[in-house]
Amino acid sequence: MGCRLTCVKGGASHFCLRQASSVFAVVEQMRWRQGLRSRPGSSCGRSKQPAHAYAHYRSATTQKSMTETELEADIHATIPLTRAMQLRVLAFDGNSLRLYAPLAPNVNDKGCAFGGSLASVLTLAAWGLARMALQRAGLVADVYVQDSTIEYLAPVWSDFDALASVVGEDSLEAFVARFAERGKARLSIVAVANDGGAPATRLTGRFVALRKA
């Protein structure tokens, strides 16, 4: 399928961010629990749960999950612009993801942070949050930006970070569960960049995870 594009208020860039996809153990484990088994390209049918099913699931999902360092390396490898931006992945705490970028390589003609750099870092923070949540649950998906809006509230005059978290009453756990059950899920995320402790730029967007066909 084609790339999904993000719309950015104020005239920044379009983004198409993709992640490699593969068969994943959690979906199979859920089907085993329900007495369902499936093969790619076929519909599910009833069958007995094999005795080794849960052990197989535990083995697959207790493998080393993606770390912040690994996410950063993957972003730098697949999105070359982020290397020039000197983007860093600081922390994922299970509920939010924080990225960092220095001002010097992201400065504009006025001496403050370039709007396109702010949009990029905020989008990547939100996208990375969805990806990390899925990956740490043993799931791998294509993650797309469906749509987004950016508010430029104040100039950013120093190095900045972007904190992404889930909007409203939704949760990463519910997002992961929807994807595991259906092979697709949507999540609303807000990402904020601060200047001197006050919100300076805010992105609100919807992100979609799809199982690769």
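The values are calculated or read from the model by the stated rules, or taken from the named source; none is laboratory data. Nothing here was measured: the structure is a model prediction, and the numbers come from that model. Neighbour counts are summed over all protein chains in view; Cβ atoms, including those assigned to glycine, are modelled from backbone coordinates with ideal geometry.
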Inset, instruction - Just name the residue that is farthest from the chain's Cα centre (by Cα) out of those in the range 135-181 that are of a type in the set (D, E, K, R) and more than 21 Å from Arg88 (Cβ to Cβ). - result: Glu151
Inset, instruction - Search the range 66-123 for residues being of a type in the set (D, E, K, R) and closer than 22 Å to Ile150 by Cα, and hand back the single one that is surrounded by the most Cβ atoms within 10 Å (Cβ to Cβ). - result: Arg98
Inset, instruction - Output yes when any residue across the range 142-160 is among the hydroxyl-bearing types (Ser, Thr, Tyr), touching an Asp or Glu at 6+ places or on another chain (Cβ under 8 Å), in a strand (DSSP E or B) and touching a residue at least 40 places away in the same chain (Cβ under 8 Å), and no when none is. - result: no
Inset, instruction - State yes or no: is Leu139 within 18 Å of Arg98 (Cα to Cα) and either surrounded by 16 or more Cβ atoms within 10 Å (Cβ to Cβ) or touching a residue at least 40 places away in the same chain (Cβ under 8 Å) (or both)? - result: no
Legend entry - Residue list for the range 171-213, filter: charged (D, E, K, R) and within 30 Å of Gly115 (Cα to Cα): Arg186, Asp195, Arg202, Arg206
Inset, instruction - Look through Val107, Val156 and report the one residue that is among the β-branched types (Val, Ile, Thr), out of contact with any Pro (no Cβ under 7 Å at 6 or more places or on another chain), modelled with pLDDT of 95 or more and more than 14 Å from Asn194 (Cα to Cα). - result: Val107
Inset, instruction - Collect the residues in the range 161-175 that are hydroxyl-bearing (Ser, Thr, Tyr) and in a loop (DSSP other than H, G, I, E, B), keeping them in residue-number order. - result: Ser171
Legend entry - Residue list for the range 95-141, restricted to those being assigned to a strand (DSSP E or B) and among the polar types (S, T, N, Q): Ser96
Legend entry - Pairs where the first residue, in the range 76-95, is in contact (Cβ under 8 Å) with a residue 40 or more places away in the chain and on the phi < 0 side of the Ramachandran plot and the second is surrounded by 14 or more Cβ atoms within 10 Å (Cβ to Cβ) and charged (D, E, K, R), C-beta under 7 Å, 6+ apart: Leu90/Glu68; Leu90/Arg98; Leu90/Asp161; Phe92/Glu68
